[in-house]
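To start, the structure itself, in structure tokens.
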Amino acid sequence: MKSKTAKMGVAVFILFALIPLYLYFYHAGAKENGNKEIVGQQKEGTKTGKKGEEKKVSAVSLDKEKNPSPKIGEVELEKSKVVSDPKGTAAAEEEKAVPSGFLVVIDPGHQERANLEKEPIGPGGTETKIKVTGGTSGVTTGKPEYKLTLEASLILGELLESRGGKVIYTRTSHNVNLSNRDRAEIANENHADLFIRVHADGSTDRNVRGFSVLTPAKSSPYTKAIFEDSLKASQFIIDETSKNAAVKVNGISYRGDMTGFNWSKVPCTLVEIGFMTNPTEEKNLSDTVYLTKLLTNVADGISDYANYKE
């Protein structure tokens, strides 16, 4: 009996002696595994320096290497895509480029003082018209058309230049004396790819409003050589402007009685950007944001035409 009791005591003693050893080795193993895991993470976060030494790099740094932050110019480009989106959608279309070297002569309609002298309506023609009229004016602001057309022309020119196009203005000030023939000759002498004339409309009916494009008539004996290309440019401009929900688009009018068209030897078009005799529309035309969006549509149309001709 004593022998059995003694044996049981020895077994209990051995059991209690093994428990600390088991706990020691268990914790040691767990610690070793934990160190391996940490070492693995450090290896993923290291890179070799100039002399081969390893430097600790944060996970953020590694992520930047894989997905570098955009450069300043790229950030500005991404912002411009959204800002220039006329519909305000998140996925704005990229700005339409103009082929390098494409030259647009922009003619801001009218001038500070009208010239009531007359000139032939076209080369070799016997019919004459006033060289340049005074234009219309705003019913609410009193702004004359010649000021609005220069403002609009400068915006349009900047838009086209920013896309890679070349621009020449027939005038950049109000105190000039240029007939409609003179303006067309500037486009001819510079061998313009497109001659665009910028005007605003007027009417005795203050309810009349809207954007329209004038283009040479097919029946005109003076513009047969440029009729097709002029019409194509006019159609592109109308198509793009029709996408602007804030603008009422009246369409295209064909004109054979315009000196500025008839003396042009290069494709030409004329935009009537709105009615200054309509109080609401005239107010819009005095709003830089509205005017810039409208002229962006015009620039898009010109870009489409330029790429069509490329």
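Values computed for the structure shown
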| quantity | calculated |
| --- | --- |
| Share of carbon and sulfur in the accessible heavy-atom surface of the stretch 236-297 [1.4 Å probe, %] | 53 |
| For the stretch 155-204, convex hull volume per residue from C-alpha positions, Å³ | 116 |
| Taking the stretch 161-254 and dividing mean pair separation by its residue count, relative contact order in percent (alpha carbons under 8 Å, at least six apart) | 26 |
| Cα principal axis extents for the stretch 228-310, largest first, Å | 36, 29, 18 |
| Contour minus Cα-Cα distance for A114 and E189 (0.36 nm per residue) | 24.6 nm |
| Lysine pairs with alpha-carbon atoms under 16 Å apart, the stretch 180-310, spacing 8 or more or separate chains | 10 |
| Mean-position separation - Cα centroids, the stretch 194-221 and the stretch 240-278, in angstrom | 4 |
| P(r) histogram, all alpha-carbon pairs of the stretch 236-277 included - 10 Å bins from 0, percent | 22, 47, 28, 4 |
| Projected-area average for the stretch 174-232 over all orientations - Cα convex hull basis, square nanometres | 6.2 |
| Cα-projected label distance for H174 with A245, points at 7 Å along beta-carbon direction, nm | 3.7 |
| Kirkwood Rh (inverse of mean 1/r, distinct Cα pairs), the stretch 132-286, angstrom | 16.1 |
| For the stretch 156-197, with +1 on Lys and Arg beta carbons and -1 on Asp and Glu, the positive-most of G165, A187, V176 along the dipole | V176 |
| For the stretch 99-238: relative contact order, % (alpha-carbon pairs under 8 angstrom, 6 or more apart) | 32 |
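The values are calculated or read from the model by the stated rules, or taken from the named source; none is laboratory data. Everything numeric here is computed off the predicted structure, so don't read it as measured data. When we count neighbours, we look across all protein chains shown, and the Cβ atoms used for this are built from the backbone with ideal geometry, even at glycine. Just so you know, the surface numbers come from the protein's heavy atoms only, side chains and all, with ligands and any DNA or RNA stripped out. Shrake-Rupley method; radii C 1.70, N 1.55, O 1.52, S 1.80 Å.
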